[in-house]
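To start, the structure under review is shown below, and the notes come after it.
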Amino acid sequence: TSLYGELSIPLLRTLETQLAARTDRYSDYGNSTTPKVGFKWKVLPTLAVRANYAEGFRAPSLTENSKSNVSAFTVITDPRRCITGNEPDCSRTVAALTEANPGIQPETAKTYTAGFIWEPWRDLSLAVDAFQIKRHHEINRLDNDTILANELSPDPFYGGRVIRGTPTGDGLPGPVQAIRRSFYNGGETQVRGVDVDALHTLSI
């Protein structure tokens, strides 16, 4: 269920403000409210500057936050049994159990833009906008190498995710039979850039 509203408020003849908000409700996750605010100032008849701030989110999918698991197969390199690089365990197909994480949080984002629109003539316009997008709490899944490298970790989030068979008597641990992968909220990503748009209208 979603509810969205937007207001355009002319503070002055040359200054306009925009306010918006959206609320989303998910039966399997909860609620999220994201705002947006912006303004456009007509400095000259041919020049206007503008800026916006907005927030966003991505709710976890059913695969990521439900109580169900997904089984598949994956190829791994077992660091405890791949000694010379030629053993079968250097490229072994094992079962992969992807476990959902009911406690996972949504990804959130903040977007900033600022720029100007210049129309020196009626048939020519130039728009330049700088933007920055910050995405937080990215939803990721533990990869095979991280799980195998931290097999003996005391941290319950990393350790205990490797399921091995019976030792083969060569002094090494038993072959990997399966690994348990899980979703988690990771770090953040930042993207910066500039959009340039030029428009020239020809009368034919």
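The values are calculated or read from the model by the stated rules, or taken from the named source; none is laboratory data. None of these values were measured; they are calculated from a predicted model. When we count neighbours, we look across all protein chains shown, and the Cβ atoms used for this are built from the backbone with ideal geometry, even at glycine. Note: areas computed on protein heavy atoms with side chains; ligands, DNA, RNA excluded. Shrake-Rupley method; radii C 1.70, N 1.55, O 1.52, S 1.80 Å.
What a 1.4 Å probe finds exposed on the chain is 56% carbon and sulfur by accessible area, rounded to a whole percent. Note on residue 172 and residue 192: the model spin-label points, each 7 Å out from Cα along the C-beta direction, lie 4.8 nm apart. The residues of the range 20-136 present an accessible area of 60 Å² per residue when probed at 1.4 Å with all protein chains retained. Summing Lys and Arg as +1 and Asp and Glu as -1 over all other residues whose Cβ lies under 13 Å from the Cβ of residue 160 gives a net charge of +1. Neighbours of residue 104, meaning other residues whose beta-carbon lies under 13 angstrom from its beta-carbon, give a summed charge of -2 when Lys and Arg score +1 and Asp and Glu score -1. For the range 20-33, 3J(HN,Hα) computed residue by residue from phi via the Karplus equation (6.51, -1.76, 1.60; θ = phi - 60°) reads 8, 8, 9, 10, 10, 10, 10, 5, 9, 10, x, 10, 9, 10 Hz, glycine and proline entered as x. Report the net charge of residues surrounding residue 18, where surrounding means a beta-carbon distance below 10 angstrom and charges are Lys +1, Arg +1, Asp -1, Glu -1. Cβ neighbours under 10 Å give a net charge of +1.
Placing unit charges on the Cβ atoms of the charged side chains and taking the dipole of the range 8-95 about its Cα centre, the candidate lying farthest along the positive direction among 72, 82, 11 is 11.
Enter the mean projected area of the convex hull around the alpha-carbon atoms of the range 35-102, in nm², rounded to one decimal. Averaged projected hull area, Cα only: 10.5 nm². Around the Cα centre of the chain, unit charges on the Cβ atoms of Lys, Arg, Asp and Glu (plus for the first two, minus for the last two) sum to a dipole of about 440 debye. Farthest toward the positive end of the dipole of the range 126-204, out of 163, 201, 146, is the Cα of 163, where the dipole comes from beta carbon charges about the Cα centre.
In percent, rounded to a whole number, the relative contact order of the chain is 18, using alpha-carbon pairs under 8 Å and six or more apart.
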